[in-house]
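Input: a single structure, listed below in structure tokens.
The values are calculated or read from the model by the stated rules, or taken from the named source; none is laboratory data. Being a predicted model, the structure only gives us computed values, none of them experimental. FYI the Cβ positions are ideal-geometry reconstructions off the backbone, even for glycines, and counts take in every protein chain you see.
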């Protein structure tokens, strides 16, 4: 596929009063190379600037995205401030890391305020566009109530420190609980072609409520080799390769396109620290899958 496609080719979605292109960018992978080694700072900054040039106006980050040498928020600030008027930066609170890198989890109002203020400082802003309350530890879905934490963030929204609120790592019950407290503009969960497909129902629930569903690690799970039951059969890897060949695309682009084709409220935030990979990801915004393509891919999941 052409690598000059603009992110707006994926269409747009309204995050509250902010319009974003549905193909966005996740900042976590700016911190290290694919082999785990430290990223090159100049290249990471160049990737961010190129992403905006390609029409990306939705960037996902967090204050706890840092390595011994890099901080995602500092890279974003250095690369893009003063920020374009249409750029929406989404961050998340709940999880955190102390200066040594050890993980902690914040649930009290004072701690959540501190995390919000830290993101504001690092990004050089006077408020945050979107803040997701993330629950649970690791990648497993969080359990329990979001009431106390979401109420604390709703108060910060009233104060003007936050423009819009979201949730991360949650189920339908958490979304319904939060909606009774304050408007929710997005839900961010691990989700992909072969990952957490039980969230198909949550995608639909979000859509009925005008809430964006934002998968993370959409490409982070290997495709199983078990036979698919799609029209052409074959293993999952084979099916994706055949669809990719038919569209002159890569398998990763097909998986991103599948995500965007799931529903109009689904946003994609693939991340990378590689300029060529960035171009490839953004080009997926223009990939149009057929109904037959989608049926074959759904059979894999």
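Can you work out which of the residues in region 62-91 that are surrounded by 14 or more Cβ atoms within 10 Å (Cβ to Cβ) and touching a residue at least 60 places away in the same chain (Cβ under 8 Å) is farthest from residue 105 (Cα to Cα)?
Checked region 62-91; the qualifying residue farthest from residue 105 (Cα to Cα) is 88.
Scan region 252-262 residue by residue and report those that are surrounded by fewer than 24 Cβ atoms within 10 Å (Cβ to Cβ) and more than 24 Å from residue 48 (Cβ to Cβ).
Result: 261, 262.
Could you please let me know if residue 249 is crowded, with 19+ Cβ neighbours inside 10 Å, part of a loop (DSSP other than H, G, I, E, B) and at pLDDT 95 or above?
yes
Taking residue 243, is it modelled with pLDDT of 95 or more and in contact with a strand residue (DSSP E or B) (Cβ under 8 Å, 6 or more places away or on another chain)?
Answer is no for this residue.
Of these, 219, 267, 278, which one is within 19 Å of the chain's Cα centre (by Cα) and modelled with pLDDT under 95?
Of the residues listed, the single one that is within 19 Å of the chain's Cα centre (by Cα) and modelled with pLDDT under 95 is 219.
So, in region 4-37, exactly how many residues are modelled with pLDDT under 95 and surrounded by fewer than 13 Cβ atoms within 10 Å (Cβ to Cβ)?
Adding up the residues that qualify gives 5.
Please go through region 142-178 and pick out each residue that is assigned to a loop (DSSP other than H, G, I, E, B) and within 16 Å of the chain's Cα centre (by Cα).
Result: 169, 170.
Would you pick out the residues in region 179-209 that are in contact with a strand residue (DSSP E or B) (Cβ under 8 Å, 6 or more places away or on another chain) and either in a loop (DSSP other than H, G, I, E, B) or in contact (Cβ under 8 Å) with a residue 60 or more places away in the chain (or both)?
Matches in region 179-209: 182, 183, 184, 185, 186, 188, 191, 192, 196, 203.
Only residues that are more than 28 Å from residue 36 (Cβ to Cβ) and surrounded by fewer than 17 Cβ atoms within 10 Å (Cβ to Cβ): list them for region 263-293, please.
Of everything in region 263-293, those that are more than 28 Å from residue 36 (Cβ to Cβ) and surrounded by fewer than 17 Cβ atoms within 10 Å (Cβ to Cβ) turn out to be 263, 264, 288, 290, 291, 292.
Could you tell me whether residue 37 is over 24 Å from residue 260 (Cβ atoms) and touching a strand residue (DSSP E or B) at 6+ places or on another chain (Cβ under 8 Å)?
no
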